Structure formats: structure tokens, C-alpha cells
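Input: a single structure, listed below in C-alpha cells.
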Amino acid sequence: MTKEEVFNLLKEISYPGFSRDIVSFGILKDIIINDKDILVELDIRSAENKIVVDIINSVEEKLKVNYRDYKITINNVAPPPGAPTKAPHEQGVNYLPHVKYKIAVASGKGGVGKSTVAVNLAVALAKLGHSVGLLDADIYGPSIPLMLGVTSRPGFDRKQLIPIEKYGVKLMSLGFLMEGNEAVIWRGALVTKAIQQLMQDVKWGNLDYMIFDMPPGTGDAQLTLSQSIKLDGAVIVSTPQDVALIDAIKGVKMFKKVDVPILGIVENMSYFLCPHCNERTDIFSSGGAKRECEKMGETLLGEIPIDTAIRIGGDKGKPVTSEMFDSPISKAFMEIAQNIDDKLK
Ligand code: ADP
């Protein structure tokens with residue numbers, strides 16, 4: 001029996017709640033074989049004790065079935081929860097050393113307005129006086145250039161790409177790197193590599209904020225990407241309906257799993273404000289995100305109404321936060337930006 005055999009067996013075990021195996025999750029630290037002893041060292045840093053126990057049991061079971069005559073020992077070498085740990089950006093490579101805060105805008109599912117929030121949040125932060133970058137990492141439809149009215153492609157300075165600047169925001173998009181929809185079939189590792197390139201090989205300069213428009217969902221691509229960016233925080237976008245909120249909760253759990261602090265939830269398409277009489281109608285029974293936030297102990301960063309001006313602004317490449325600065329919608333986005341800035345400081 002060899003180390004490689006044990007390694008391959010462990011690769012058959014999925015991380016609880018994910019299709020990805022525990023080895024590619026990076027929790028296997030060592031396999032030590034000594035005569036009839038097998039020692040497996042794991043580094044499971046979950047705040048949920050059940051996850052730690054489940055993984056250890058699965059590893060033990062798998063090895064016992066395959067190596068009946070061996071003594072099997074499994075050690076979790078991770079520091080206990082609560083022990084001081086390094087901040088995420090200190091655990092590995094920081095691809096953006098000149099960016100103060102790296103923030104993911106994410107959603108459990110598509111179509112909830114994640115990109116709309118990412119764009120308007122970036123513009124709002126710029127309006128607050130910050131230097132801001134926006135990295136469109138949505139493999140399923142990099143729509144940010146359209147939403148900012150960018151039709152040109154980035155140029156080069158020596159070997160580095162120059163981000164395109166619009167509404168005070170520096171923009172790069174995965175869409176600039178790919179033809180058609182090819183990235184949709186990319187796997188986690190490929191997406192991560194492309195994003196790393198967009199962090200490293202772009203002349204971003206010094207920035208206060210980098211906003212990442214993440215691919216929707218909580219699958220392997222999203223998880224790998226979240227781990228690799230060394231994020232300082234995540235903003236989850238949801239609509240008020242239960243189905244969307246269930247996915248938003250999954251998003252919260254995913255970021256927590258990789259130790260990314262949750263800055264809060266934005267409820268989008270929260271209510272309809274009649275343009276004639278200013279009456280508020282809660283089309284999708286608003287308040288769902290507030291309830292879930294209270295349950296989870298998370299912050300509701302703000303509520304954005306449903307308004308055709310937002311869709312038209314997106315389609316025309318004129319974000320409401322810039323084009324309708326005095327409107328209540330714009331104020332809602334400014335408040336979210338301020339809340340995030342306050343939280344990080
Ligand atoms: P996602 O990134 O979650 O897939 P988008 O930001 O692309 O979602 O939004 C999907 C569509 O909904 C776009 O046409 C966008 O303009 C529109 N939209 C988003 N938020 C609102 C809103 N609050 N009111 C009206 N339309 C909205």
C-alpha cells in the first residue's frame with residue numbers, strides 16, 4: 001500500500017454539502033505510513049463541529065474498509081475555533097497588494113440583480129470619494145461593460161492591460177478575455193486562473209475598493225474563486241421571495257466556510273414605489289431578507305425598489321447612481337455604500 005493509494009481513496013470523499021472532494025478543498029495536510037500504521041493529518045477549519053466530525057468519520061470509514069489490518073489515526077491539525085488565525089489575505093498570495101478592500105458581490109442564483117448592485121455600488125463608492133475598481137467575474141454573462149456603456153476593449157501598456165475608466169470606476173471584465181459564451185463551461189480552476197490574470201496583469205494602481213461581480217451560485221467555481229481572491233468581505237444580493245432567499249442563505253454559508261466575512265445582504269426589487277402617488281407596494285411580500293438577516297445575525301445593508309429606471313439605466317449603460325443622483329433609488333445605493341464603508345472601517 002502506498003501514500004498515493006491512500007491519497008486517491010481520500011479523493012473519493014466529498015466535502016459535506018459540496019460535490020468537490022476534501023483533497024481539492026486543501027484540507028489534507030499529510031499521509032504518514034509506518035509499517036501497519038496510517039496517520040492522516042487534516043486541517044479542517046470549519047466553525048461547524050458537525051462538519052469536522054463528519055469528515056473525520058468519512059475518512060476513518062473509507063480507510064478501515066480498505067485497510068482492515070492497519071491501525072488508522074486521523075488528526076485534525078487545525079487550530080480550535082476561536083484561536084487567533086491569520087486573516088484570509090495573509091494565508092497565501094495577495095494578488096492585489098495595492099487594493100485596500102476586496103469585496104465580492106454575490107448571489108445564490110442568477111437574475112436577482114447582482115450585477116446591477118455591483119455596478120451601482122462601485123459608482124456609489126466612487127461618489128463617496130474612494131478610488132474604485134470593478135472586476136466582472138461573472139462567467140455566465142459578463143454584463144458589466146454593457147451596464148457601464150463600455151464598448152471599447154482595454155489597451156496595453158507594455159505587458160499589462162489598462163482598465164477602462166467610466167463613472168469614476170476602473171473596469172475589467174472576463175468578457176474582454178473570451179469569445180462568445182465559452183467561459184460558461186469553464187471549471188473552477190480555469191475561472192480562478194482567468195481572474196488571477198485579471199488581478200495580476202492589469203494596471204489597477206492604488207485602489208480603496210475592488211468590487212468583484214461574482215458568478216451566481218454556490219458551486220465549485222464560486223468557492224474556488226472566493227478562496228483565491230483573499231476577499232475582505234462579501235455582499236449577498238437577493239430578492240425577497242423565499243426561493244431566492246434560500247439560495248442567498250447558501251451563499252452566506254459558502255463564504256463563511258472559506259472564512260470570508262459577510263458584510264450583509266441587499267434586498268433588491270424589494271418594493272414598488274408608485275411614480276404618481278409615491279405609494280409603496282410590496283410586490284413580493286418584502287421584508288424576507290430582513291427576517292433572514294435577523295435569524296442569521298447578519299446585517300441588512302439596504303433595500304432597493306423595483307423600478308424601470310434601473311433596468312433602462314442598465315440597458316443604456318447609464319447607472320442610476322450616476323445619472324439620477326438625487327433619486328430615492330440612488331440614495332438607497334449610496335446608503336448601502338456608506339454602510340459597507342462604515343463596517344470595514
Ligand atoms: P444578475 O446579475 O443577478 O443576473 P442583473 O443585475 O443582470 O442580475 O439584473 C437582471 C435584470 O433585472 C437586468 O435587466 C436589470 O436591469 C434588471 N434589474 C435589476 N434590478 C432591478 C430593479 N431593482 N428594478 C428593475 N429592474 C432591475
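Protein heavy-atom accessible surface, 1.4 Å probe, per residue over region 229-310: 44 Å². What percent of all Cα-Cα pairs in region 1-148 falls into each 5 Å bin, going from 0 up to the bin containing the maximum distance? Here the calculated profile for region 1-148 is 2, 7, 14, 13, 12, 12, 11, 10, 7, 6, 4, 2, 1, 0. Comparing Val132, Val237, Gln160 along the charge dipole axis of the chain, the residue lying farthest to the positive side is Gln160, per the Cβ-charge model.
With R₀ set to 25 Å, the beta-carbon distance separating Leu39 from Asn94 gives a calculated FRET efficiency near 0.15. Per 20 Å bin, what is the whole-percent P(r) computed from every C-alpha pair distance within the chain? Whole-percent P(r) values from 0 Å outward: 29, 52, 17, 2, 0. Helix content alone sets the calculated 222 nm mean residue ellipticity of the chain: runs of n ≥ 4 DSSP H residues at -39500 (n - 2.57) each, divided across all residues, give -10500 deg cm²/dmol. Of the residues Ile44, Ile74, Pro97, the one whose Cα sits farthest toward the positive end of the charge dipole of the chain, with +1 on the Cβ of Lys and Arg and -1 on the Cβ of Asp and Glu, is Pro97. The packing ranking, built from the mean of other Cβ atoms within 10 Å per residue, places the peptides 191-197, 63-69, 16-22 in the order 191-197, 16-22, 63-69, highest first. When the pairs Lys127/Lys343; Lys316/Lys345; Lys36/Lys257; Lys11/Lys100; Lys230/Lys345 are compared against a 27 Å limit on Cα-Cα distance, Lys316/Lys345; Lys36/Lys257; Lys11/Lys100 fall above it. Relative to the Cα centre, what is the charge dipole magnitude of the chain, using +1 at the beta carbon of each Lys and Arg, -1 at the beta carbon of each Asp and Glu, and rounding to the nearest 20 debye? The dipole of the chain has a size of about 440 debye. Within region 185-288, the ratio Rg/Rh, alpha carbon atoms throughout and Rh by Kirkwood, equals 1.08.
Of the accessible area of the chain, computed with a 1.4 Å probe over protein heavy atoms only, carbon and sulfur atoms account for 50 percent. All Cα-Cα separations within region 207-262 were binned at 5 Å from zero, giving a P(r) of 4, 19, 31, 25, 13, 6, 2, 0, each value a whole percent of the pairs.
Expressed in units of 2.2 N^0.38 Å, where N is the residue count, the Cα radius of gyration of region 120-264 is 1.04. Scoring 46-57, 292-303, 165-176 by mean Cβ neighbours within 10 Å over their residues and listing the highest first yields 165-176, 292-303, 46-57. When only the Cβ of Lys, Arg, Asp and Glu is charged (+1, +1, -1, -1), the dipole of region 267-311 relative to its Cα centre reaches about 40 debye. The alpha carbon radius of gyration of region 273-335, expressed as a multiple of 2.2 N^0.38 Å, is 1.27.
Charged neighbours of Asn66, selected by a Cβ distance under 12 Å, balance to -2 (K, R count +1; D, E count -1).
Relative contact order of region 1-147, taken over Cα pairs closer than 8 Å and 6 or more residues apart, is 15 percent. How high is the relative contact order of region 107-161, in percent, counting Cα pairs under 8 Å that sit 6 or more residues apart? Over region 107-161, the number comes to 26 percent. Structural descriptor for the chain: relative contact order 18 percent, calculated from alpha carbon pairs under 8 angstrom and at least 6 residues apart. Reported to the nearest whole Å, the Cα centre-to-centre distance from region 262-341 to region 1-80 is 45.
Probing with 1.4 Å while keeping every protein chain in the model, the per residue accessible area of region 100-221 equals 40 Å².
The values are calculated or read from the model by the stated rules, or taken from the named source; none is laboratory data. Owing to the predicted nature of the structure, the values given are computational and were not obtained by experimental measurement. FYI the Cβ positions are ideal-geometry reconstructions off the backbone, even for glycines, and counts take in every protein chain you see. When the accessible area is computed, the model is the full protein with side chains, heavy atoms only, and any ligands, DNA or RNA have been set aside. Shrake-Rupley method; radii C 1.70, N 1.55, O 1.52, S 1.80 Å.
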